[in-house]
1. Please report how far the C-alpha centroid of segment 233-311 lies from that of segment 48-123, rounded to the nearest whole angstrom.
2. Using a Cα-Cα cut-off of under 22 Å, which lysines could be cross-linked to K401, ignoring same-chain neighbours fewer than 8 residues away?
3. Which order do the peptides 195-203, 387-395 come out in when sorted by mean C-beta neighbours inside 10 angstrom, highest first?
4. Please identify the DSSP H helices in the chain that span no less than 20 Å along the helix axis (Cα) and have a mean Kyte-Doolittle hydropathy of 0.0 or more.
5. Any chance you could run the full-extension gain for M74 through A164? It's 0.36 nm times the residue separation minus the Cα-Cα distance, nm to one decimal.
6. Can you give the accessible area per residue of the chain, in Å², using a 1.4 Å probe?
7. Step by step: find N for the chain, compute 2.2 N^0.38 Å, then divide the Cα radius of gyration by it. What's the final number?
8. Given 0.36 nm per residue, what is the gain on full extension from E461 to L371 after removing their alpha carbon distance, in nm?
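The values are calculated or read from the model by the stated rules, or taken from the named source; none is laboratory data. As the structure is a prediction and not an experimental result, all values here were calculated from the model. Neighbour counts are summed over all protein chains in view; Cβ atoms, including those assigned to glycine, are modelled from backbone coordinates with ideal geometry. Surface accessibility is based on the protein's heavy atoms, side chains included, excluding ligands, DNA and RNA. Shrake-Rupley method; radii C 1.70, N 1.55, O 1.52, S 1.80 Å.
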Amino acid sequence: MAFFRGLTAVSRLRSRAAQEATTLGGVRWLQMQSASNLDLKSQLQELIPEQQDRLKKLKSEHGKVQLGNITVDMVLGGMRGMTGMLWETSLLDPEEGIRFRGLSIPECQKVLPTAVKDGEPLPEGLLWLLLTGKVPTKEQVDALSKELVSRSSVPGHVYKAIDALPVTAHPMTQFTTGVMALQVESEFQKAYDKGMPKSKFWEPTYEDCLNLIARLPPVAAYVYRRIFKDGKTIAANNALDYAANFSHMLGFDDPKMLELMRLYVTIHTDHEGGNVSAHTGHLVGSALSDPYLSFAAALNGLAGPLHGLANQEVLLWIKSVIGETGSDVTIDQLKEYVWKTLKSGKVVPGFGHGVLRKTDPRYTCQREFALKYLPEDPLFQLVSKLYEVVPPILTELGKVKNPWPNVDAHSGVLLNHFGLSEARYYTVLFGVSRSMGIGSQLIWDRALGLPLERPKSVTMEWLENYCRKAAA
Ligand code: NMX
Ligand code: MLT
């Protein structure tokens, strides 16, 4: 059965063995419930041949269709607006924001299974959705949680590799070192060395990605406890779901914090393919570097202040505002601080985006979480004031294409509220979540046999000559 071909986002998610139905916006959402469908890998096994045929057909029938013109501005401007890669798991609309396999964040919050009634989605459910394009049942999500637990054992040498770094090393450096140390267990590398045929590449890639996703929380928690809690680690509670267990290993067991972690991990997973970390993971993977190597590269991109490190920068910036003005900061003081930041040549962290042109829906759902659980929190109130103050100032600058807040403008104050106040650690949380999006697409990259990525580059001289000829 073809799941994706020419269908709408809604019908795409219908599955054939329908045993349960839920209603969303008047549409019947059909979900599978049978025990034989609990294994994620067999689900993929079924989907892959039809998707391979679909890609072949697309190439042979429409390979020569033009997708737009490349301008000199695009080449000089970080390839903005240039459609240049295939990314199946999610798609970003500049106005509306992200859709994971066709589902917006509010839709995911409605249809994905939760740990508590009317709670936040379980990230395992989103992983299932990203990989299969289908909304999983609670049973499928529970089976995936268990599968991840069964894969979560981290070899001792990984912790030794992290311990070899000074404790003062940035958490992202320690985390990525842990990922590189995990690489020695790569199933893909072993299979490739043995001469596995290309048609089977996706299978060890699946093993590596699932193992990687499963092992990141203990590695990330180790880094946190090593740096901020005198190295006193906390054992996993494998009865918990993925995000709750992660929060538990970090040292946070408040049920509201567990819900926050479920929301956090869900919304940071994927943001289509062109963002720095996803694009890097995909690029490095296209050389048939295994998922550990690809993901470590992605994390190094995430660690940049214009990308994932912005969540650290936001909380540090907010705390520096308070340090200078006191906690009862007025709108005028905030305006003054924003201008001071801009005049010193810095960006206002948490605002702006390479694609989005409206408020990031990931910001909005975090705001809704704050309104529900921590409306009186002073830092949340400051973040709300920033929503009033920053966009008009960035608009006044005249060059900023999107003055609205992005995902990073909000996450820190939520974590800080529940005691996770060490801003330097925040990008590691983003990294754990992003493994689900990058890993899912890496599996599909190998299943679809996507080629080595190798765009053409040119020199300024080449461009000048080209433009001269074009004008003549
Ligand atoms: N504060 C100050 N200046 C900004 C901001 C901002 N928040 N956003 C954009 N600009 C500037 C930008 O630096 C550029 O200036 P110049 O021409 O002098 O180099 C100009 O406005 C045009 O940039 P845009 O085309 O609007 O944005 P671009 O696509 O190049 O960059 C970001 C996107 C996200 C890098 C940029 O908006 C930014 O630096 N934001 C602050 C950092 C941040 O929050 N990053 C997190 C993004 C989300 N994530 O998690 O990855
Ligand atoms: C992301 O989540 O990757 C960021 O919003 C950056 C982007 O999409 O470019």
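1. 19
2. K335, K340, K343, K346, K358, K385
3. Numbers: 195-203: 13.8, 387-395: 16.7.
Output ranking for 195-203, 387-395: 387-395, 195-203.
4. Working: long enough: 40-62 (32 Å, -1.35); 202-228 (38 Å, 0.06); 310-325 (22 Å, 0.38); 378-397 (28 Å, 0.84); 426-447 (32 Å, 0.41).
Taking the DSSP H segments of the chain (at least 20 Å long, mean hydropathy at least 0.0), we get 202-228, 310-325, 378-397, 426-447.
5. 28.1 nm
6. Per residue, the chain has 45 Å² of solvent-accessible surface.
7. Dividing the Cα Rg of the chain by 2.2 N^0.38 Å gives 0.99.
8. Numbers: separation 90, 0.36 × 90 = 32.40 nm, distance 5.47 nm.
Stretched out fully, the E461 to L371 stretch lengthens by 26.9 nm.
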